[in-house]
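What follows is a single structure, written as structure tokens, with notes after it.
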There are 2 protein chains.
Amino acid sequence: MTTPESKKPTPDHARNLFAAHGLKLTHQRLEIYSELTAACDHPCAETVWRRVRERVPTISLDTVYRTLAVLREHGLAARVPMDGDTARFDGDISPHHHLACECCGRIDDLPISEFDPAALQESVAGWGRVRDAQVVIRGICCRCLESGAGDRGLADGEPAPVPGESAKIQ
Amino acid sequence: MTTPESKKPTPDHARNLFAAHGLKLTHQRLEIYSELTAACDHPCAETVWRRVRERVPTISLDTVYRTLAVLREHGLAARVPMDGDTARFDGDISPHHHLACECCGRIDDLPISEFDPAALQESVAGWGRVRDAQVVIRGICCRCLESGAGDRGLADGEPAPVPGESAKIQ
DNA sequence: TTCGGTGCAAATTATTTGCATCTGG
DNA sequence: CCAGATGCAAATAATTTGCACCGAA
């Protein structure tokens, strides 16, 4: 286990879910989907690949990319709206907010209830159809502040090395 | 003029601003900075380049990339937190929110006052230092809805062609 | 059986970097 | 004069795509 997995993994209810979307349920897709919904660190494609490879050594990186794209197209996964250079994915499609460290690249869910997307319905009325509304916060996490890695500040994606941490790719 | 420019351009107050940050004020930087602060469409590096080239035909794309990076490092510009495949820049560094069309890639400012970042200070207290907090909305703009381009839905960055629009790169 | 899915390798696209030259302060 | 800035071209890194084979329904 590379990172702490919290949320309950997807057993085989994925079977019905995929069928409902007219998607074939392959060994690879099941593993990718399970890994993504179980993860809580909003992994990038390569990270999902590395983790799934522990169970399916022959899976290729582009299958991961293709599967993540398919899951997004069917609304079973989402991309986190952030400004790094690598796409980060989220298996939790329920509306929620995000918090990102510009130093080490970690992205966490932001548990708040102060913000209600419905409140700005009329403000966006004439713009078009809203698919998703969330609060995005960028800053330096306490771990980076403590390690002094956040001194320079800036940078995004997976920047500056964090002492004691592997960082780089999440 | 490629797109409607609204906000007041930066005259020469840029001279003092750059000096204050210890940055040399070159012809190229001035044009890039002016173009960025005048733009209201959150352009990508290549778009800034195309626009500035009308005045400075010899400027190179990597100078634009380097300058945008420098401006960000000094807090004179920001990258919009979004999930497209190309970085989008913002010359307006005052706190505000964004609205993005997943179909044509356009990004607009979202004029709302309902959301006050200060309200979640305590929610983020133990996480670290907040540098920026904003609401990000993703959806399909009315122009795409009308043209039917938003039918398929999904996609991000600069996807599906919009009839009557140049789209592709913003 | 059949069409969608997969793996591999090559191709694209966005962004960065090395280096020699040039220039603002 | 000189450290920092620029242009050009080559290098990276992330993501996509062509194609032949394979397996779920």
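The values are calculated or read from the model by the stated rules, or taken from the named source; none is laboratory data. All figures in this text were calculated on a predicted structure; none of them were measured in a lab. Note: ideal-geometry Cβ built from the backbone for every residue, glycine included; neighbour counts use all protein chains shown. Ligands, DNA and RNA are stripped out before the accessible areas are found, and what is left, the full protein with its side chains, is counted by its heavy atoms. Shrake-Rupley method; radii C 1.70, N 1.55, O 1.52, S 1.80 Å.
Does the range A:4-152 classify as rounded, prolate or oblate by the C-alpha gyration tensor (a ≥ b ≥ c root eigenvalues; a/c under 1.5 gives rounded; else a/b over b/c gives prolate, otherwise oblate)? Since a/c reaches 1.5 but b/c is at least a/b, the shape of the range A:4-152 is classed as oblate.
Here is how far apart the A:Val130 label points are across copies: 1.9 nm, shortest first, using a point 7 Å from Cα toward Cβ. Averaged over the residues of peptide A:80-88, the number of Cβ atoms from other protein chains lying within 10 Å of each residue's Cβ is 5. Counts of other chain beta carbons within 10 angstrom of each beta carbon in peptide B:67-78 average 1. Calculated accessible area for the range B:4-152 comes out at 47 Å² per residue, all protein chains present (probe 1.4 Å; ligands, DNA, RNA ignored). Restricting attention to the range B:4-152, close to 65% of DSSP beta bridges with both partner residues there are antiparallel. Descending by average beta-carbon neighbour count within 10 Å, the peptides B:61-74, A:130-143 line up as A:130-143, B:61-74, the highest first.
For the peptide B:33-40, the mean number of other protein chain Cβ atoms found within 10 angstrom of a residue's Cβ is 0. For the chain pair B and A, the buried solvent-accessible surface (1.4 Å probe, both sides summed) amounts to about 3900 Å².
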